[in-house]
Structures are given as structure tokens and as C-alpha cells.
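Visitor: If you scroll down you'll find the structure; I have some questions about it.
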Amino acid sequence: MLKEVWHLSWKGMSFTYGVLLVESIAFALLPMYLGRAVDGLFDKDWFWFGVYLTICVVGGTVGTFRRCVDTRIFGSAWGIMSTNVVGKLINNKMDTAKIITRAGLSTRFVDFFEYALPEFLVAVVGVIVPIGFLWANAPEALPVIVVLIVVLVVVSLWISHKEKPWDNKAQTARDDLNQAIEDKDIKQVGQAYDLTIKAYIKRSDWGAANWLTRFLIGIGGEVAVIVALAEQGATPGELLAAIGFVWNLFSSVAGTTNLFSWIRSIEVADERISEGL
């Protein structure tokens, strides 16, 4: 179904992804601009400070425009996609309770293009730029950074598979809830909510574990870079830029690994919708 969404709005999506890419590169370099601005201010030089502010203002304006365009492009795709899915399920005589749940799941395919793919593109830029900075300024820390990135990716992939069964159980609970409401069965409503809450808590627990991993690994990367630069006698601006790049790096790695969870959610949606097609 991802292909269907792409065919619906590929021109608009290509435009917004192009703007997003330029915006992401500009913002990914902000720690460098800020570091140079700080060092420049110590020398009474305001040039890089002006560059930093200009990029912030222009980037923010472009980003606002892109988000407004996004809503219109993906809103149209969402309406067409959901209508098509519901229509097919009605024609195949699926239970009404399940059709309601599947209608909600159909939005995941549009959300993948509106949220997951842009997040992934921004994250890729956010990984490449800091690695380039570290390669040039703190090569001694780079092997440690690479090992930490690999660990984070592997853990995130494993957790995404752990989350998927609970997503499936949450969808089953929604089916049961819709049916219970249709049947006016209060007891079944309570049981459905109990299962929904349990699935939500379990997914949240795995998400918390993923967050802790990212946080600790980010701290480890920061320490490695600070130690390497301190031994080189780096300036305050260079240290500030390095810390910013490291945090952006691991936040961006986390952004790329979020794609695993999105893929699992797409798999659940596709499996559930395919039951009625």
C-alpha cells in the first residue's frame, strides 16, 4: 500500500522532500556556526554570529512553509487512501467493528511518508555532517563513536521486534472494543480496555528501554569527544561545536532507528487490512 500512497502524491512529496533536504543540511551545520560565532565574539568579530542568526531565521521560515504544504499534500492522500481501504472492506463484507479499526490503520501508510520518511532523511543528514566534523577535528574518538552507533542500531532493531506483538494485541483489543460497543456489552468493553492498557504499557516499557540506551550511549560519545578535543587544546567554541555535533549525531541515529518501529507498524497495518481484502 505504500506504493499506492506514493503514486497518489509523488510530485508533491518529491518537492517537500527536496526542501526538507536543503533545510536539514543547513540546520545540521548549526553547531559549527555557533562554535565559530562564540570564538568570533571573543575577538570582537560578529560575522559568524550574523551567519548563525540568518540561518536560524531563514531556516525557520522555510520550515514553516514546508510544514504548511505538507499538511495539504498528505491530507489529500490520507482521504483518498482511507476511502479506498474502507470501500474494499465494505465490499468484502468485513465486520463493521473491524472496518473501523482498519480505517484507522490505513493512515499509517500516509503517516510513513509524512513523518517516518522525512524524519529518516533528516536523521541521515544529521549523522553524516557530525561524522564529517569528528573525522576532521577528533579522529581519535571516531572508532568509539562508530562502535556506539552500531550498538544503538542493533538494540533499536531488536526492540522494534519486541514491540510488534504488543501492537498486534492492541489492534485486537480495538476490534473487541468496537464490537462490544456495537453489542452494548459493558463487560466486554472493560476487558477490551484492560487489554489495550496492557499492550500500551508493554510498548511503553520497551520504548523506555530504548530511550535509556540512547541516552547512555550519547553520554559515552560526548565523553569520548570531549577528552579527545581537550587533549588537543581546543577552544571553547570548538568544544561547544563538538558537544552540539555529538548530541545531534546520536539524536539523528535514534531518528534513523525509529524507522524500524515504523516498519513494524506498517507490517501490522498491512497484515490486518489484508485479512479483509
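Computed from the coordinates by the stated procedures, all read-outs in this text should not be read as laboratory data. Being a predicted model, the structure only gives us computed values, none of them experimental. Reconstructed Cβ throughout: ideal geometry from the backbone, glycine too, with neighbour counts over all protein chains shown.
Visitor: Can you give the Kirkwood hydrodynamic radius for segment 123-277, in Å, rounded to one decimal and based on Cα pairs?
Guide: After inverting the mean inverse Cα-Cα distance, the result is 18.0 Å.
Visitor: Among residues other than Ala138 whose Cβ falls under 12 Å from its Cβ, what is the net charge (Lys/Arg +1, Asp/Glu -1)?
Guide: Overall, the nearby charge balance is -4.
Visitor: Please report how far the C-alpha centroid of segment 114-171 lies from that of segment 205-277, rounded to the nearest whole angstrom.
Guide: Segment 114-171 and segment 205-277 have Cα centres separated by 5 Å.
Visitor: How many times 2.2 N^0.38 Å is the alpha carbon radius of gyration of segment 230-277?
Guide: Rounded to two decimals, the normalised Rg is 2.13.
Visitor: A follow-up question, please. Compute the separation of the alpha-carbon centres of segment 77-98 and segment 11-45 and state it in Å as a whole number.
Guide: 43
Visitor: Roughly speaking, what % of Cα-Cα pairs in segment 2-274 are separated by over 35 Å, rounded to a whole number?
Guide: 33
Visitor: Which helices pass in the chain if a helix is a full DSSP H run, must span at least 15 angstrom along its long axis by Cα, and must have mean Kyte-Doolittle hydropathy not below 0.5?
Guide: Counting only whole DSSP H runs, the qualifying helices are 2-28, 30-42, 47-91, 117-137, 236-274.
Visitor: Give me the aspartates and glutamates in straight-line cross-link reach of Lys187: C-alpha distance below 19 Å, same-chain residues under 8 apart excluded.
Guide: Result set, ordered by chain and number: Asp175, Asp176.
Visitor: Please list, or write none, the lysines whose alpha carbon is within less than 29 Å of the alpha carbon of Lys88, excluding same-chain residues fewer than 8 places away.
Guide: Lys3, Lys11, Lys98, Lys164, Lys169, Lys184
Visitor: Evaluate Rg over Rh across segment 136-181, taking Cα atoms for both radii and Kirkwood's formula for Rh.
Guide: 1.46
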